[in-house]
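Novice: Below: one structure in structure tokens.
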Amino acid sequence: MQIEAIPPHRHLPPFLKLALELGPLMVFFFGNAYAERLGVHPDQKLFVATGIFIAATVAALAVHYALMRRLPIMPLVSGVVVIVFGGLTLALQDKTFIMMKPTIVNTLFGVVLLGGLAFGKSLLSVVLDSMFALTEDGWRKLTFRWGVFFLFLAVINEVVWRTQTEDFWVSFKVFGIMPLTIAFALAQTPLLLRHERKEPDSSSS
């Protein structure tokens, strides 16, 4: 299976891309919310939701690959962690694993991005180069910001799952983390505009 950033001009329609990314999370939320109505014991509903979450994640990755013949790096990494930690949750009947999944994924992304910068590599450009054309300085700044933000999300997840109820954590995972991420991404628009790489004007000679 070829795993790489999607080349230019080969993007999923925005609505479909959003559905594939948010779909498994919504399935996870509703699986947890409505499991009791289907006769599941309250102590077991997170396990049921986790099983559905794994299946939905695999399905979303399969649809993406079927349409594009390749998988983007970040959803693939996140999907693998869902399968591994979700599988451990079900096999060991320990909810800690699925609750720590966002911590592991966000810490991994943050460390990789910031670690790459320490060695002079703006690794975010590898993932997003087909979406944005930025200067080298722009990629460095954007990579640093996202690296710090991913670590921030990891800390938040640790605080929430260790101090709040399971239902609160599930709701926050779906309706807290995603809006925070969207808001952060939109807040980077000025940086993207300032550091947009200008193409030479081919009409002038």
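Novice: Subtract the Cα-Cα distance of V77 and E166 from 0.36 nm times their separation in residues, and report this length gain in nm to one decimal.
Specialist: Stretched fully, the V77-E166 segment lengthens by 29.6 nm.
Novice: Would you please put 117-124, 55-62, 25-32 in order of how densely packed they are, using the mean number of other Cβ atoms within 10 angstrom per residue and starting with the highest? Spell out each step's value before the answer.
Specialist: Values: 117-124: 15.0, 55-62: 17.2, 25-32: 19.6.
So the peptides 117-124, 55-62, 25-32, ranked by packing, come out 25-32, 55-62, 117-124.
Novice: To the nearest 20 debye, what is the magnitude of the charge dipole of the chain about its Cα centre, counting +1 on the Cβ of each Lys and Arg and -1 on the Cβ of each Asp and Glu?
Specialist: 160
Novice: Helix 177-187: angle to the longest alpha-carbon principal axis of the chain, degrees 0 to 90, nearest 10?
Specialist: Here the helix axis deviates by roughly 10 degrees.
Novice: Taking the highest mean first, how do the peptides 186-195, 141-150, 68-77 order by number of other beta carbon atoms within 10 angstrom per residue?
Specialist: Values: 186-195: 11.9, 141-150: 19.0, 68-77: 15.9.
Order by mean packing, descending: 141-150, 68-77, 186-195.
Novice: Hey, what angle do you get for helix 96-118 against the long axis of the chain, alpha-carbon based, 0 to 90 degrees rounded to 10?
Specialist: Compared with the principal axis, the helix lies near 20 degrees.
Novice: Which of A185, A133, A154 sits closest to the plus end of the dipole of the range 68-190, meaning its Cα is farthest towards the positive end, when Lys and Arg get +1 and Asp and Glu get -1 on the C-beta?
Specialist: A133
Novice: Carbon and sulfur: what percent of the chain's accessible surface (1.4 Å probe)?
Specialist: 69
Novice: Let me ask another. With angles folded into 0 to 90 degrees, how steeply does helix 73-92 sit against the dominant principal axis of the chain? Use alpha carbons for both and round to 10.
Specialist: It works out to around 10 degrees.
Novice: Of K121/K198; K45/K141; K101/K198, which sit over 31 Å apart, Cα to Cα? Intermediate values should be presented prior to the final figure.
Specialist: Values: K121/K198 21 Å; K45/K141 42 Å; K101/K198 39 Å.
Flagged as over cut-off: K45/K141; K101/K198.
Novice: Using just the alpha carbons, could you tell me how many Å³ per residue the convex hull of the chain encloses?
Specialist: Cα-based convex hull of the chain, divided per residue, equals 143 Å³.
Novice: Further question on the same structure: In the range 85-110, which residues have a backbone nitrogen under 15 Å from the label point lying 7 Å from H41's Cα in the Cα-to-Cβ direction?
Specialist: Zone members listed by number: 93-95.
Novice: So between V126 and L22, what do we pick up on full extension, going 0.36 nm a residue minus the alpha carbon distance?
Specialist: So the extension gain works out to 35.2 nm.
Novice: Calculate the spin-label point distance for R69 paired with A183, positioning each point 7 Å from the Cα along the beta-carbon direction, and give it in nanometres.
Specialist: Using points 7 Å along Cα→Cβ, the separation is 4.2 nm.
Novice: Still on this structure, I have one more. Counting alpha carbon pairs within less than 8 Å and at least 6 residues apart, what relative contact order, in whole percent, applies to the chain?
Specialist: About 21 percent, as a whole number.
Novice: Same structure, new question: Rounded to the nearest 500 deg cm²/dmol, what is the calculated helix-only ellipticity per residue at 222 nm for the chain, with -39500 (n - 2.57) per DSSP H run of length n ≥ 4? Don't skip to the end; give the middle numbers.
Specialist: Values: 9 runs with 148 residues, N = 205.
Calculated at 222 nm, the ellipticity per residue is -24000 deg cm²/dmol.
The values are calculated or read from the model by the stated rules, or taken from the named source; none is laboratory data. No experiment lies behind these values; they were computed from the predicted model shown. Cβ sites come from the backbone with ideal geometry, for glycine too, and all protein chains shown count toward neighbours. For accessibility, only protein heavy atoms count, side chains too; no ligands or nucleic acids. Shrake-Rupley method; radii C 1.70, N 1.55, O 1.52, S 1.80 Å.
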